[in-house]
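Q: Below you will find the structure I want to go over with you.
The values are calculated or read from the model by the stated rules, or taken from the named source; none is laboratory data. These numbers come from a predicted model, not from an experiment. So basically every Cβ, Gly included, is an ideal-geometry build from the backbone, and we count neighbours across all protein chains shown.
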């Protein structure tokens, strides 16, 4: 997905085994959708907890945060509980949505990529940040863009 592309809709299970349909959220909020490689790894935990620590700032500008990885619903539930994550984490075990968003893999396809998308209220991709080795940079880039979008008319 590139900037100005229309965000595709999809449905995945969250950490509570409930269906979450992105279409239900598109247009209502700015959405930060971040793909990460794996629960409970050093970089992914750092990224998830950094989104947690900035959660109130994202909420203050009417933004919804959603994380996605290929881990199971039960893994997500444990991960979210252990780290007190206040946002939705979706399970994409077949990497269907990862492929839909064209999130690249690294090291001969062995490591799923780390990419963050910011989706505007107009349902278009407003920003893409692709950096496997910079988990905290995703939060900084997303928050700066979300704040900018929240003050514009889109």
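Q: Taking residue 72 as meeting all but one of (1) closer than 18 Å to residue 33 by Cβ; (2) surrounded by fewer than 21 Cβ atoms within 10 Å (Cβ to Cβ), write down the number of the exception.
A: (1)
Q: Let me ask something additional. When you scan segment 18-34, how many residues do you find that are in a helix (DSSP H, G or I) and surrounded by fewer than 18 Cβ atoms within 10 Å (Cβ to Cβ)?
A: The total comes to 2.
Q: I'd like the full set of residues that are over 17 Å from residue 21 (Cα atoms) and in a helix (DSSP H, G or I), limited to segment 100-147.
A: Correct list: 137, 138, 139, 140, 141, 142, 143, 144, 145, 146, 147.
Q: For segment 1-17, enumerate the residues that are touching a helix residue (DSSP H, G or I) at 6+ places or on another chain (Cβ under 6 Å), loosely packed, with under 15 Cβ neighbours inside 10 Å and within 23 Å of residue 132 (Cβ to Cβ).
A: Of everything in segment 1-17, just one residue is touching a helix residue (DSSP H, G or I) at 6+ places or on another chain (Cβ under 6 Å), loosely packed, with under 15 Cβ neighbours inside 10 Å and within 23 Å of residue 132 (Cβ to Cβ), namely 8.
Q: With the requirement that a residue be in a strand (DSSP E or B) and surrounded by 21 or more Cβ atoms within 10 Å (Cβ to Cβ), what does segment 40-69 give you?
A: 63, 65, 66, 67, 68, 69
Q: Related question: Would you please list the contacts, defined by Cβ atoms under 7 Å and residues six or more apart or on different chains, that run from a residue in segment 81-95 that is more than 17 Å from residue 32 (Cβ to Cβ) to a residue that is at pLDDT 95 or above and in a strand (DSSP E or B)?
A: 91/12; 91/13
Q: Here is a check on your reading of the model: is residue 84 surrounded by fewer than 19 Cβ atoms within 10 Å (Cβ to Cβ), at pLDDT 95 or above, touching a helix residue (DSSP H, G or I) at 6+ places or on another chain (Cβ under 7 Å) and within 24 Å of residue 20 (Cα to Cα)?
A: yes
Q: A further question on this structure: Determine, yes or no, whether residue 37 is touching a residue at least 60 places away in the same chain (Cβ under 8 Å), surrounded by 18 or more Cβ atoms within 10 Å (Cβ to Cβ) and part of a loop (DSSP other than H, G, I, E, B).
A: yes
Q: Looking at segment 94-122, which of its residues are farther than 20 Å from residue 59 by Cβ and in contact with a helix residue (DSSP H, G or I) (Cβ under 9 Å, 6 or more places away or on another chain)?
A: Those that are farther than 20 Å from residue 59 by Cβ and in contact with a helix residue (DSSP H, G or I) (Cβ under 9 Å, 6 or more places away or on another chain): 97, 103, 105, 112, 113, 114, 115.
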